[in-house]
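Chemist: Structure provided below as structure tokens; questions to follow.
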Amino acid sequence: MKSKVNILEMKRMKKEGKKFTMVTAYDYTTASIVDNSTVELILVGDSLGMVMLGYDSTTGVTMEEMIHHIKPVVKGAPNTFIVGDMPFGAYNVSVEKAIENANRLMKETGCDCIKLEGGAEFAHTIEAITKAGVPVMAHLGLTPQTTSQLGGFKVQGRDLETANKLINDIKAVAEAGAFSAVVECVPSQVAKLMAEAVDLPIIGIGAGPYVDAQVLVTQDMMGMFDKFTPKFVKKYATLREDMVNIYNGFNSEVKEGLFPSKEYSFDIKVDGLE
Ligand code: KIV
């Protein structure tokens with residue numbers, strides 16, 4: 001059985017050039033499957049709005065929905081480091097509100113840290129939450145909660161000005177006390193410079209191979225989510241197709257009278273019922 005990694009070990013892995021991985025989970029069963037694997041971290045991301053709740057974006061996800069989904073993940077994966085995502089609106093009102101909501105996620109769910117989207121402009125919030133005793137993972141590059149400001153789901157940091165901004169952002173969140181950062185949809189060369197600029201582990205998604213760790217959304221990598229597939233998603237399975245075939249098999253066996261057979265049925269223990 002694996003043992004749960006901690007923040008110091010993640011930093012050490014970066015120093016030693018040892019890669020690690022994070023995947024999303026939003027329920028007990030999936031979390032327990034990840035716990036049986038070698039994957040070191042689970043992110044209960046606000047992506048749950050889209051892949052679990054059917055929303056068109058992550059913006060509408062609430063604190064209550066996050067708490068509802070993080071709790072069973074913590075129960076299901078005692079040997080995996082759990083990241084709880086702060087939803088839009090939970091940390092942009094005031095620093096006090098941000099600390100209050102970070103405390104709520106930690107206390108009510110038992111997760112190991114919180115994640116929030118934002119760079120230099122959120123450095124003071126990250127600093128305050130960290131000083132309050134809550135470990136913070138930052139999220140830079142494509143930040144899905146504010147895609148309308150970024151002009152849609154686009155690669156970030158493709159020109160010198162925006163690449164420089166990302167490097168300044170990663171330095172700002174590191175200085176503010178973030179222990180790690182997700183970097184999403186950024187050219188590999190820029191992500192490499194970001195990873196070299198700081199000693200905190202960079203967890204990439206669409207950020208190329210030169211960062212310290214990788215994260216994927218479970219429903220994407222398992223081939224379950226069919227609304228859209230970003231270029232950076234590798235499908236490791238075809239679970240959607242497999243599950244449709246399984247449901248079809250069940251349906252036709254029932255229609256043909258093959259299921260339930262004797263093997264799956266009960267007999268009474270006394271004679272003479274007829
Ligand atoms: O919410 C989420 O799942 C995320 C990942 C895309 C990194 O933030």
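Chemist: Looking at LYS165, LYS97, LYS107 in this structure, which one is in contact with a Gly (Cβ under 8 Å, 6 or more places away or on another chain) and more than 21 Å from VAL23 (Cα to Cα)?
Modeler: Testing whether each residue is in contact with a Gly (Cβ under 8 Å, 6 or more places away or on another chain) and more than 21 Å from VAL23 (Cα to Cα) leaves just LYS165.
Chemist: Could you please give the count of residues in segment 61-80 that are hydrophobic (A, V, I, L, M, F, W, C) and crowded, with 24+ Cβ neighbours inside 10 Å?
Modeler: Count: 5.
Chemist: Kindly provide the set of residues from segment 158-172 that are more than 16 Å from the ligand (Cβ to nearest atom) and either of a type in the set (Val, Ile, Thr) or free of Cβ contacts under 8 Å to residues at least 40 places away in the same chain (or both), ordered by number.
Modeler: Answer for segment 158-172, where residues must be more than 16 Å from the ligand (Cβ to nearest atom) and either of a type in the set (Val, Ile, Thr) or free of Cβ contacts under 8 Å to residues at least 40 places away in the same chain (or both): ARG158, ASP159, LEU160, GLU161, THR162, ALA163, ASN164, ILE167, LYS171.
Chemist: So which of GLU256, GLU175, GLU241 is surrounded by 13 or more Cβ atoms within 10 Å (Cβ to Cβ) and more than 16 Å from the ligand (Cβ to nearest atom)?
Modeler: After ruling out the rest, the residue left standing is GLU175.
Chemist: Continuing with the same structure: Give the number of residues within segment 127-152 that are assigned to a loop (DSSP other than H, G, I, E, B), within 16 Å of the ligand (Cβ to nearest atom) and surrounded by 14 or more Cβ atoms within 10 Å (Cβ to Cβ).
Modeler: 2
Chemist: Can you name the condition, by its number, that VAL155 falls short on among (1) within 14 Å of the ligand (Cβ to nearest atom); (2) assigned to a loop (DSSP other than H, G, I, E, B); (3) farther than 30 Å from GLY110 by Cα?
Modeler: Among (1) within 14 Å of the ligand (Cβ to nearest atom); (2) assigned to a loop (DSSP other than H, G, I, E, B); (3) farther than 30 Å from GLY110 by Cα, VAL155 violates only (1).
Bear in mind that the values in this text are calculations on the coordinates, not laboratory data. Bear in mind the structure is a predicted one, so any value in this text is a computation, not a measurement. Note: ideal-geometry Cβ built from the backbone for every residue, glycine included; neighbour counts use all protein chains shown.
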